[in-house]
Every structure is written in C-alpha cells, then in structure tokens.
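What follows is a single structure, written as structure tokens, with notes after it.
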Amino acid sequence: MKKIDFHIHTVKSDSDNYFEFDIKSLKEYVDKLQIDCIAITNHNLFDKHQFKQIVDELEIKVYPGIEINLEGGHLLLISENHNLDDFETKCFKVSQLIPTKDDNIDYDQLIKIYTTFDEYLLIPH
C-alpha cells in the first residue's frame, strides 16, 4: 500500500493560521510516516521556485497543486510536473481572482482558467 498526502501547505496565506515552513520538518514528517508521495497545495497560490526546492530536497514523488476557494468550498487541483510554467501561469490567475480568504471563484471561472481537467486530479475538500 502506498501512503500519500495531497494536502501540504508550505506558504502561509490569508486562509492559514500562522506558520513558518521548514524543509527539515517536512522531511521528518515524510520519513516518520513513510510517505511515498505528496502534493504541495497552498491556498490559492503556487510558488514554483519553492516547489522546485522541495522536489530537490525530498526523495519521494512531489506533485504541484493548489487549493482553490471554489463557490464557498475548497478544491485541491493537482497537476503533473511536466509543464510547470503553464501550471504557474494558471495558478497566478487564480491568485489574482482570490486576493483574500473571503473571496472565491465560480465554476465558470475555473473552466476559463484550466480549460480542461483531463491532466489534473481534482479533490473536493
């Protein structure tokens, strides 16, 4: 059986309680629980630079993702690592539309940004 955690926050946003990201703590968490795979899913943003640093530090599969405020709920949207520039551009559009924790986008806006979902894993949260 594989152990995964597709809900890892590494950048504090308006939606989070205060925390400071520490790669050492993430490594300890992954090692202690023997996790095989994670996704970085910060609230309404994607930090490509930090994502690449995490990928370089961990010896497990790490997926890029975003937790989107969608119509009053949350959606984890997880991508592959093959086109990070495109993913970053799309996530930036989300960030522009959701500047505070009280903002959200609707389904039509989500479709305009991501256009198709066949290359993403979608997890309502």
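The values are calculated or read from the model by the stated rules, or taken from the named source; none is laboratory data. For clarity, every value in this text was computed on a predicted model and none was experimentally measured. Using ideal geometry, Cβ is built from the backbone for each residue, glycine included, and neighbour counts are taken over all protein chains shown. For the accessible areas, the whole protein counts, side chains as well, though only heavy atoms, and no ligand, DNA or RNA atoms are used. Shrake-Rupley method; radii C 1.70, N 1.55, O 1.52, S 1.80 Å.
I need the full set of residues from segment 14-48 which are of a type outside the set (D, E, K, R), surrounded by fewer than 12 Cβ atoms within 10 Å (Cβ to Cβ) and modelled with pLDDT of 95 or more, in order please.
Of the residues in segment 14-48, the ones of a type outside the set (D, E, K, R) are 15, 17-19, 21, 23, 25-26, 29-30, 33-35, 37-46.
Adding the requirement that they be surrounded by fewer than 12 Cβ atoms within 10 Å (Cβ to Cβ) leaves 17-19, 25, 33-34.
If the condition is that a residue be of a type outside the set (D, E, K, R), surrounded by fewer than 12 Cβ atoms within 10 Å (Cβ to Cβ) and modelled with pLDDT of 95 or more, then LEU33, GLN34 are the ones that fit.
Can you spot a residue in segment 102-114 that is among the polar types (S, T, N, Q) and free of Cβ contacts under 8 Å to residues at least 12 places away in the same chain?
Step one: list which residues in segment 102-114 are among the polar types (S, T, N, Q), which gives 104, 109.
Next, from what is left, pick out any that are free of Cβ contacts under 8 Å to residues at least 12 places away in the same chain: none.
No, segment 102-114 has no match at all.
If you take the residues of segment 73-84 that are among the polar types (S, T, N, Q) and either within 22 Å of LEU26 (Cα to Cα) or in contact with a Ser or Thr (Cβ under 9 Å, 6 or more places away or on another chain) (or both), which of them is most open to solvent (accessible area, probe 1.4 Å)? Outline the logic, then answer.
Step one: of segment 73-84, the residues among the polar types (S, T, N, Q) are 79, 81, 83.
Keeping just the survivors that are either within 22 Å of LEU26 (Cα to Cα) or in contact with a Ser or Thr (Cβ under 9 Å, 6 or more places away or on another chain) (or both) gives 79, 81.
On the way: SER79: 11, ASN81: 51 Å².
Going through the qualifying residues, I end up with ASN81.
So which residues in segment 89-120 are open to solvent by 80 Å² or more (accessible area, probe 1.4 Å) and over 16 Å from ASN42 (Cβ atoms)?
We begin by selecting, within segment 89-120, every residue open to solvent by 80 Å² or more (accessible area, probe 1.4 Å); these are 92-93, 96, 99, 101-102, 107-108, 112, 115, 118.
Correct list: ASP102, TYR107, ASP108, LYS112, THR115, ASP118.
Within segment 52-72, count every residue that is open to solvent by less than 30 Å² (accessible area, probe 1.4 Å) and closer than 28 Å to ASP36 by Cβ. Break it down stepwise before answering.
Within segment 52-72, the subset open to solvent by less than 30 Å² (accessible area, probe 1.4 Å) is 54, 58, 62, 64-69.
Adding the requirement that they be closer than 28 Å to ASP36 by Cβ leaves 54, 58, 62, 64-68.
Total meeting the criteria: 8.
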